Amino acid sequence: MTDLNILSCNINGLNGPHKRIGFLDFLRRRKIDIVLVQESHLKEEDVHRCNNKFYEVVSHSSSDTKTKGVLILVRRTLNITILDKGCDTDGRITHIKTIVENRNIVFISVYAPCTPDPTFFSVLSTYLLKFSDFEIVLGADMNSVMSHTLDRSGPKESHSQAFCSDKLRLCVTSASLVDSWRLLNPSAKSFTFFSATHKSYSRIDYIFISTSLSSAVRDADICSLSLSDHDGNLCRLSLIPRPSRATRWRFNPKLLQDENFCSQFRNKFAEFIEINQGSVDDPRTLWNAVKGFIRNNSISYASFLQKKRHKKIAELESQLQNLTRENQRCFSDSTLSKIMAVRSELNSLLRSRAEFLIQRCRQNYYFQGSRPSHLLALRIRNSEKFANISAVKSQSGLIMTDPKDINISFHSFYSNLYTSSAVGDPDSFTSFLSNLDLPRLSDSDSDYLAEPITLQELESAIRSMNKGKSPGLDGIPVELYSTFWSDLGPLMLDMINFSVTQGSFHPSINIAVISLLLKKDKDPTSCSSYRPLSLIGTDVKLYAKVLSRRLEKFMNRLVHHDQTGFIKSRSASDNLRRLYHIINSTNSSFSPCAVLSLDAMKAFDQLEWNYLWAVLQHLGLGSSFINMIKVLYVNPAASVLTGSVCSNPFFIHRGTRQGCPLSPLLFALSLEPLAQAVRRSQTISPIIIRNTHHHISLFADDILLFLEKPSHSIPHVLNLFDHFGSLSGFKINWSKSCLLPLNSKFDPTSLSVSIPLVQNFKYLGIDVFPSLQEILSKNYNSILAKISSDLENWSHLPTSLQARISVIKMNVLPRINFFSSMIPLAPPVGYWNKLDACVSRYIWDGKRPRIKLTTLQRSRLHGGLSFPNF
């Protein structure tokens, strides 16, 4: 472990020898390791004066005059490796790239202009893009505050100050940085500078760090500096080597493009099968051995290729060096030709390696034009806050920052979440389901579902699966099975049919890796704020895919049209169109009407299996097909992956795995009895429009109830859902659910239960109001403002015209299409002109357009760039 004491300070000039010596003595007494200095006021030829026997200036940027200037000093005895250094040309930014405890960290010193200059933060954002592979420690005098409320005293800030603060926050968040002092003092007020002119205090000096370094902060303080008119920022980091990545082998799909690999694989696999096929009676054991062969053969061949490539690169580099020397001694055209040929071959090898690394990083974003790596780096930097979980609350409420403790917390959370709490029994299931008029499949339909799986079904399913997806724990992707299907398919079929006969997979096959995705606008320190995505083995996923393709043929018959999630030929826009129709019709109703939006708690993860089997049996799926489904649910296990740490496996006892092709259909079937119970209830009054009864609308677990006389209906709704939850595990968080009155006839005081009353709520990505005109204007104006803000944030990136057009196509156009499909009404007057002006301003970087928008909107065949015509 290495403890780093870091100081960032605006020293307001170091030209005076007494001040310079006093400052260096202050650093020694405070045992500072790295110093990030602003306003050194030192010219290039005077920087060396800051060196002494304790500290050394390792990087700097100076101005032509004795103004500005930034320095980085490092204690000479510090155990640190400096890889590189750099700076701008204006005396405002300098950096050093280092290795500390095997971690790549870049230290940056920044001095922002005194007068408000928003363009500086765009320049800084671009500068930070160079460090996408490094963790950042940035000490700065930003001359702007992060928060007017917490970081400034005195009068209201000016428009230019507020604008610069917005740009500063954008710069910090886009680089995934956090304020180290604010991290430990979330609501405290303290200042670093006093303005005699404005008679106000402000905190404009900072040490920003990457989110991945948050757990390393041991102390952060603001210290007085008598030598300057600014106070300094102190930060102590305790750095430990980053934990090694969880050891998960993954097959490299590029090997499938190598004919030699494919040929040797088939030959050796034929030998393997000839030796092993008759040696075991259990096809599941043989299949495990097959996957072991795939892994060993792939690793062996990849290692052979790597050694061969390294040897070839070394030979070419040596050859290139010798030819260059020879040509320098005696120039000849033939030697020059040889140099060009060797260089071309060497570049080809290096480019092949780079393509593999790009694919391995799963960076599928393609931007035409100049410097696409910059935009890619920004994208990576923005997503870090989702990929790295730097802190989480334990069950006792303590904040855990150690990666292993974080993983233990998630392991505990999910092992508890997937532990059954069922209280229902077969009689209670029968009692509930028998009172409902649920559809039922015929015997011939259930016989079809239960037919033995065929090789043709498996092959058709694997051809339909998406390529390029993360594999499960075994590391074998769809692409490999698809390429060698003639060799592997029959063995997989034997394994699957034997598993169905025995009632379970081999224990080593049915293990998933849970990868976590932070939900929007949720607390990142809460375990419940993450969506668990299960990475399942391709063989298990393929089996589930076959079952889902059989079952989906009957979903329209088994599930009422009120449910639109996961059912072919149904869409989320159906729910919203129905909702708009109800809103429009109830405005003039003489009865009180309201929409109740329900918030389900971990709906997919808490589904009780015994209830599910009872529902499937009641729907007539047949015991044989249900047993085929149960194969997936016999002793399934999972490990939680948090960053670089993977937990020990734990068994799952309830829930449907998000990532399994069959899970959405099973979940939709499990909710159908609830929806039918609402529709058949005599005590829950629906909204009736032209003799059509509107009871409930569902998109997976997003549920709306349409209630007439809600004060009378809601107590019965609570009773029904509580009873259903006790049977199925489906629970509603009533405090996060909400009730939207649709007309003035509703009296809030008549409501006897504590469900929040709201003036609007969000449903399927749309803000819902009790007026169609309000829905139209608020949603369209909101998306226009968001697009405008995003384009302004991206405008500083150094990309070409074609790259910017690609951004519009891939980011803006899908958002407009989504809203247009969800709100099938004409937008406000002038909306499209505003959108055109917004995107035109972006693609021309705020300058006068050089080509008409109508010209850009032409197809490429007709001289345009296929720009979207909104």
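Throughout, read-outs are computed from the coordinates displayed, never taken from laboratory work. Just so it is clear, the structure is predicted and the values come from calculations on it, not from any experiment. All Cβ positions, even for glycine, are placed from backbone atoms using ideal geometry, and neighbour counts span all protein chains on display.
Taken over region 472-602, the ratio of Cα radius of gyration to 2.2 N^0.38 Å equals 1.55. Counted over region 1-147, the DSSP beta bridges are approximately 70% antiparallel. Looking at the square roots a ≥ b ≥ c of the eigenvalues of the Cα gyration tensor of region 2-239, which shape do they give, rounded for a/c under 1.5, prolate if a/b is larger than b/c, or oblate? In terms of gyration-tensor shape, rounded.
All other residues with a Cβ under 9 Å from the Cβ of residue 417 taken together, and with Lys, Arg as +1 and Asp, Glu as -1, what is their net charge?
On the way: positive: 602, 654; negative: 605.
In short, +1.
Average projection, convex hull of the Cα set of region 772-862: 6.5 square nanometres.
Rounded to the nearest whole Å³, what is the per residue volume of the convex hull around the Cα atoms of the chain?
Details: hull volume 205.2 nm³, N = 870.
Hull volume normalised by residue count: 236 Å³.
What the phi angles of region 723-739 give under the Karplus curve with 6.51, -1.76 and 1.60, with θ = phi - 60°, is a coupling list of 5, 5, x, 5, 8, 9, x, 7, 10, 10, 8, 5, 6, 9, 6, 8, 10 Hz, glycine and proline written as x.
Using R0 = 22 Å, the C-beta based FRET efficiency linking residue 716 and residue 690 works out to 0.30. In order along region 659-667, phi translates into HN-Hα couplings of x, 8, x, 7, 4, x, 5, 4, 5 Hz, rounded to whole numbers, per the Karplus curve 6.51 cos²θ - 1.76 cosθ + 1.60 with θ = phi - 60° and x for Gly and Pro.
Could you calculate the FRET efficiency of residue 767 with residue 81 from 1/(1 + (r/R0)^6), where r is the beta carbon distance between them and R0 is 51 Å, rounded to 0.05? Intermediate results must be reported in sequence, preceding the final value.
Details: r = 52 Å, r/R0 = 1.02.
In this case the efficiency is close to 0.45.
Which whole-number percent is the relative contact order of the chain (Cα, under 8 Å, 6+ apart)? Relative contact order for the chain comes out at 10 percent.
Tell me the label-point distance for the pair residue 743, residue 102, using the 7 Å Cα-to-Cβ offset, in nm and rounded to one decimal. Placing both labels 7 Å along Cα→Cβ, they lie 7.0 nm apart. Listed by Cβ neighbour count within 10 Å, with the fewest neighbours leading, 562, 521, 767 appear as 521, 767, 562. Each DSSP beta bridge with both residues in the chain is either parallel or antiparallel, and the antiparallel ones are about 80%. Neighbour counts of C-beta atoms inside 10 Å place 142, 822, 1, 340 in the sequence 1, 340, 822, 142, starting with the fewest. Stretched out straight at 0.36 nm per residue, the stretch from residue 862 to residue 412 would grow longer than its current Cα-Cα span by 155.9 nm. Excluding same-chain neighbours fewer than eight residues apart, the lysines reachable from residue 852 by a Cα-Cα span under 18 Å are 809, 834. Can you give me the C-alpha center-to-center distance between region 178-219 and region 283-297, rounded to a whole angstrom? After rounding, the separation between the Cα centres reads 56 Å. Note on residue 330 and residue 293: the model spin-label points, each 7 Å out from Cα along the C-beta direction, lie 5.8 nm apart. When 287, 832 are arranged by Cβ crowding within 10 Å, least crowded first, meaning fewest neighbours, the order is 832, 287. In this structure, the pairs whose alpha-carbon distance is over 24 Å, taken from 630/736; 545/630; 553/630; 311/338; 519/736; 130/307, are 630/736; 130/307.
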